[in-house]
Amino acid sequence: MQANGNIRIAASPETITAALRDPAVLAAILPACRGVTAQERDAFTADFAREVGRMRLGLSARVRVAGEGAVQVLEIEGGNLLTGKIAARCDIRLAPRGAETRLDWDGSVTLQGLLRKLAETAAPGTADRVVSALFYRLKQQLESRPA
């Protein structure tokens, strides 16, 4: 599944880069995320959980944010025998535009097992909507901070 788009955020590229490496921000913007723990500067462990009917599905994933300056990469990889696996990569480009930064993303999501079955039952374009929502939540996080 492919996902691409852009958003303007009232923050500098440096502020956005720092936010993408903040465990609290990652926990707030990653869908169904219950918590993020830093492992290294660019590597994190994230725990995800979602109720599906009467079942609670959870998984742990490795999250990596790499790159410097205008080009960043966000990768998520993880899963388990019950839920299946996820592998996602999003290439991010940051371009300052006055007091704002244009954030462009181009990514892909690969799902296996139950995660794939659940995504297949959702409406087409689910990956695009989920990734768009992630960056919209990043915008909300950064623009709601006191100046």
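Any read-out appearing in this document is the output of simple, stated calculations on the displayed coordinates, not a laboratory observation. Keep in mind that what you see is a predicted model, and the values were worked out from it rather than measured. Backbone-built Cβ (ideal geometry, glycine too); neighbour counts: all protein chains shown.
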Exercise. Where does each of 46-59, 19-32 land if you order them by average Cβ count within 10 Å, highest first?
Worked result: 19-32, 46-59
For this session: Could you calculate the contour length gain from Val73 to Asn4, that is, 0.36 nm times the residue separation minus the distance between their Cα atoms, to one decimal place in nm?
Result: 23.5 nm
Problem set entry | Sum of -39500 (n - 2.57) over DSSP H runs of 4+, divided by residues of the chain (222 nm, nearest 500) | -8000 deg cm²/dmol
Exercise. Can you give the charge dipole size of the range 45-89 about its Cα centre, rounded to the nearest 20 debye, using +1 on the beta carbon of Lys and Arg and -1 on the beta carbon of Asp and Glu?
Worked result: 220 debye
For this session: Grab the other residues whose beta carbon is less than 12 angstrom from that of Arg21, score K and R as +1, D and E as -1, and report the net.
Result: -3
For this session: Report the equivalent ellipsoid semi-axes for the chain in whole Å, largest first, defined as the square roots of five times the eigenvalues of the gyration tensor built from alpha carbon atoms.
Result: 26, 16, 14
